[in-house]
1. Mind ranking R9, R63 by accessible surface for me, highest first, 1.4 Å probe?
2. For the range 8-14, just list the computed ³J(HN,Hα) in residue order, Karplus coefficients 6.51, -1.76 and 1.60, θ = phi - 60°, integers in Hz, with x standing in for Gly and Pro.
3. Remind me, relative contact order of the chain in percent, using alpha carbon pairs under 8 angstrom and six or more residues apart?
4. Roll a 1.4 Å probe over the protein chains and send me the accessible area per residue for the chain in Å².
5. Between the range 45-59 and the range 337-415, how many Å separate their Cα centres?
6. First check a/c for the range 95-248, with a ≥ b ≥ c the square roots of the eigenvalues of its C-alpha gyration tensor; if it is under 1.5, answer rounded, and if not, answer prolate when a/b is larger than b/c or oblate otherwise.
7. Given the DSSP H assignment, sum -39500 (n - 2.57) over each helix run of at least 4 residues in the chain and divide by its residue total; what's the result at 222 nm in deg cm²/dmol, nearest 500?
8. Could you pull out every residue, at least 5 positions away or on a different chain, whose amide H is within less than 5 Å of the one on H375? Hs are placed 1.01 Å off N in the peptide plane, and Pro or chain starts have none.
Amino acid sequence: MSGRIRNHRMASKVVEADEAARLIPAGANVGMSGFTGAGYPKEVPGALAKRLAEANASGDPMRVSLWTGASTAPELDGALAEADGIELRLPYQSDPVSREKINSGAMDYTDIHLSHVAQRVWQGFLGPLDVAVVEISGITEDGRLIPSSSVGNNKTWIDQADRVILEVNSWQSEQLEGMHDIYYGTALPPHRNPIPLTEPGDRIGVPHLECPPEKVVAVVETESPDRNTVFKEPDEVSRMIAGHVLDFLGSEVRHGRLPQDLLPLQSGVGNVANAVLAGLGDGPFHELTAYTEVIQDGMLDLIDSGTLRTVSATAFSLSPAAVERFNNNAADYRERILLRPQEISNHPEVVRRLGCLAMNGIVEADIYGNINSTHMMGSRVQNGIGGSGDFARNAYTSIFVTPSTAKSGAISTIVPMVSHVDHTEHDVDVLVTEQGAADLRGLAPRQRARKIIEHCAHPDFRPALRDYYERSLAGSHGGHTPHLLDESLSWHVKYLREGTMRA
Ligand code: 0RQ
């Protein structure tokens, strides 16, 4: 019996990944662990992908629907998508092969707010969950499950699935035990109670996942590492964006709208969000807290430097170098880091109560402050909305960050009208590019437009945006949010035809 499986009954269920994968029936809804490249099963998905590929090649097609916490890794999303084995995928994903399949129409994708996934399953809207495949870092003597580097939807998968397959990963640090806080107090209306969490570091649950042993149909052992993408080193543009965010936060403190140690930070995924965190490390703030969903490299740096005192999240999203640093010192980090189920890490009630400062990256914004976080040129999905909506709508202040141009300057990320809407103008407080910050709080649409164009748009695109806006004032059907509808998406059309939005 491996040292990680301390329970005899569970140890007797150890099988090879191929055997476990055979327990997943064709057409099943499968809930797998995994959130931003952390804590996903490493062995069963590959074995399942092989089985699906063989079935598909033999003319007897087989597919499953894949539900996760958020994005996983090439061994999971990539392998199953490559085998044409996914019927429907939910929620957030960022895998290049899946992205191609989704955008070619070969795979369906349901992009759900991350805090909503668990309750959608409890409500039964998504159909039955047939099988859960969940990575854990160990099993205690009495059969409780020690979670690994992400919690995500694992509690819900284990509760709701008919059958559970566990992957025990001995690569994960043993010192993860005690870092998790699994809250079992959630219920459906009309039986809901307040979530008793008033500080990011509050522990309101238990450190282990609970699973009736009779549900566990297989246990697979692995020692494969989490595989995360390496972030780009913050470039000049990202550093300028970070500088504007820091100036904004500093000004809020000076005006008495934020305390000296700010309010709990939430930071999204991506290179720009990571760079903003790096910028915070150089700033004047100390003893900060974070109530967020992912702990990326930048956040670990802030913990190391003492800038961050407590971080609550649902997963790690660390580069290999940062993972090594974490695994070597996991016991020390346990004092400052808590991992929770994503329905709690992203819960609107808690985000609103704590007053999070939400910072998320975007694809584009329009002159009125509507945000597109997900779709390139209105129709090609990039990743997904993830938790950005959970936080933005309920935050104390929602901040969205982006470089003012993309694709070597051919694209303006500030456009007359967004080609897809994820966050409406009502949920967007501050927009920041390397050009500056537009504080939109309390402004009417026409005031917002002037501010966004002058503070955020790239100087090369400002004259054309001003021109569009001025002509809209004169020619729009209504004057509240002026638009020229036959022109509002012409910037995107031009890019698709000519490869540039430039005149
Ligand atoms: O593509 O590398 O091929 O050139 O989009 O852009 O600038 O590297 O930005 O890594 O910060 O990601 C919105 C995708 C930004 C991310 C997004 C192209 C650009 C590049 C990436 P190339 P950058 P980042 C909590 C929060 C939604 C989910 C979320 C995201 C690529 O932040 O997925 O917020 N957010 N979750 O060239 C065409 C434009 C473009 C564009 C950028 N306007 N048009 N292409 N690109 N702008 C975390 C979770 O929920 C898990």
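1. Accessible-area ranking of R9, R63, largest first: R9, R63.
2. 5, 4, 5, 4, 6, 9, 5
3. Dividing the mean separation by the residue count of the chain yields 14 percent.
4. Result: 38 Å² per residue.
5. Each part reduced to its Cα centre gives a spacing of 36 Å.
6. rounded
7. -8500 deg cm²/dmol
8. For H375, the qualifying residues are Q382.
The values are calculated or read from the model by the stated rules, or taken from the named source; none is laboratory data. Just so you know, these numbers come straight off a predicted model, no measurement behind them. Methodologically, a virtual Cβ is constructed for each residue, glycine included, from the backbone with ideal geometry; neighbour enumeration extends over all protein chains shown. Quick note on the areas: whole protein, heavy atoms, side chains included, nothing else; ligands and nucleic acids left out. Shrake-Rupley method; radii C 1.70, N 1.55, O 1.52, S 1.80 Å.
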